[in-house]
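See below for the structure under consideration.
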Amino acid sequence: MNNLKIAILNDSPFDVGISSYIYNIYLNLKNHNISTDFYQFSLNSDSSYNFYQNVNLVKGINFGFKKSLQLNQILNFNIKAFKNIETLENYDIIIISNPTLNKLSKYFDNIIGIGLDLYYLFYKSNSLIYSKYIKSQYKLFKNLKFIICNSEYTKLDFIKYLEINEERIQTVYPYVNSKIFYPPDKNFKKIIDIDENDFIILNVAYDSPNKNIETVIKLLYELPKNFKLIRVGRNFRSLKLIEEFNLSDRVYLFEKVESKKLGDIYRSSDFFVFPSLFEGFGIPVIEAMASGLPVITSSRTSLPEVAGDVGFIFDPYDIDGMKNKILELSKNKELYENIKEKSINRARFFSSENQFKNLSIAFKKFLEL
């Protein structure tokens, strides 16, 4: 294992779940003294990847009329850029983060693909063309020698919908960074100016259809006025609802947040609400649990697997059920503290050591194929 030389290739923006998952795998391998290099596809004028440390930038094309990673992917500029890295032939294993890189299997036979979800089989993006493109790339997973999935739910989807042999898939859970996400040692409402009698509900998610932000906004409307909402993530549809329900003075919006501040936001909150309709995993859930928050989440897809018997699982449209549970916990301090401790213990399962153990199993299976 220690003699392996590994390359990781990523062509997703730095502020999405795929990049977070694959970059943390990179850090974990490095911390275990595995020779690993990270290559990040970016546009020529894009400096946002300076957020990462020790990343080799691989340049795409920044079209004068449109700065678009998606266009680079559809036109295969991402494939051409990575294929032209002469040193790639020196690696024992090449890990690719995205189905948009599956075509590299034409040039390298030592690829492990990351399978985070099959979102585009069930949902469309804002671009119908991009949705069709991603669905076509899913078919190429069959050409890969091995696949790492982020949950058992996703693994079963790959077996069922893509007809991938189970022997070629290993589940490797994300891990939660305990240096960033940890419980407060006291009342910690420091991010915003909040009355001590107020309760903070937190939701961390990009405002896409599957994230079901509408339910979060409607839930806030049904709760007493001393409940406030912090939303972390880009906002589109939710802005109209916030205005429609006249909730502007009860909602605090953050978009791009660096990790230390995000940890502080979790510690400043009282409840975490995540009623998503579709997740391959749901990293914010384990971040919330590690921060000591009761988690109210959805009964759909991977989320019951992630939350275990600690989270409060509801139909994603059951606003009354979520409201009643939040009110119950807000009035019962002993119950709240009990759930807080259970959340922290549950998060410990998603450790870097557990992830490394499963990565080692994946590499062993891969090398024996």
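The values are calculated or read from the model by the stated rules, or taken from the named source; none is laboratory data. This is a predicted model, so every value here is computed, not measured. Cβ placement follows ideal geometry from the backbone for every residue including glycine, while neighbour counts extend to all protein chains displayed. Note: accessible area is taken over every heavy atom of the protein model, side chains too, but ligands, DNA and RNA are not part of it. Shrake-Rupley method; radii C 1.70, N 1.55, O 1.52, S 1.80 Å.
Here are some notes:
- The mean sequence separation of alpha-carbon pairs under 8 Å and at least six residues apart, normalised by the residue count of the chain, gives a relative contact order of 14 percent.
- Relative contact order (%) - region 151-234, alpha-carbon pairs under 8 angstrom, separation at least six: 27 percent
- The length gained by stretching the chain between residue 361 and residue 20 to full extension, at 0.36 nm per residue less their Cα-Cα distance, is 120.6 nm.
- Carbon-plus-sulfur accessible fraction, the chain (probe radius 1.4 Å, protein heavy atoms only): 48%.
- The mean sequence distance of close C-alpha pairs (under 8 Å, at least 6 residues apart), as a share of the length of region 190-307, puts its relative contact order at 28 percent.
- Projected label distance in nm at residue 261 and residue 152, using a 7 Å step from Cα toward the beta-carbon: 3.9 nm
- Tilt relative to the chain, helix 128-138 - C-alpha long axis, 0 to 90 degrees, to 10: 60 degrees
- Extension gain for residue 369-residue 123 works out to 85.2 nm (0.36 nm per residue, less the C-alpha to C-alpha distance).
- Helix 333-347 vs. the chain, principal-axis angle (Cα, 0 to 90°, nearest 10): 0 degrees
- Overall, the chain carries a charge dipole of about 820 debye about its Cα centre when +1 sits on the Cβ of Lys and Arg and -1 on the Cβ of Asp and Glu, all other atoms neutral.
- Distant alpha-carbon pairs in region 79-168 (separation over 21 angstrom), percent: 31 percent
- Column: log10 I(q)/I(0), Debye, Cα scatterers of region 10-165, q = 0.09, 0.11, 0.20 Å⁻¹: -0.28, -0.43, -1.52
- Separation of the alpha carbons by more than 24 angstrom is noted, of 160/256; 59/211; 225/331, for 160/256; 59/211.
- Scanning residues 5 or more positions from residue 95 or on other chains, those with amide H under 5 Å from its amide H are 7, 8, 9, 112, with H placed 1.01 Å from N in the peptide plane.
- Percentage of interatomic Cα-Cα distances in the chain larger than 26 Å: 52 percent
- The residues of the chain expose, per residue, 46 Å² of accessible area to a 1.4 Å probe.
- With a simple spin-label model that places each label point 7 Å from the Cα along the Cα-to-Cβ direction, the separation between residue 5 and residue 249 comes to 6.4 nm.
- Here region 179-335 is described by how far its Cα atoms reach on the three principal axes: 35, 34, 33 Å, from widest to narrowest.
- Distance in nm between pseudo-label sites at residue 351 and residue 136 (7 Å out along the Cβ direction from Cα): 4.6 nm
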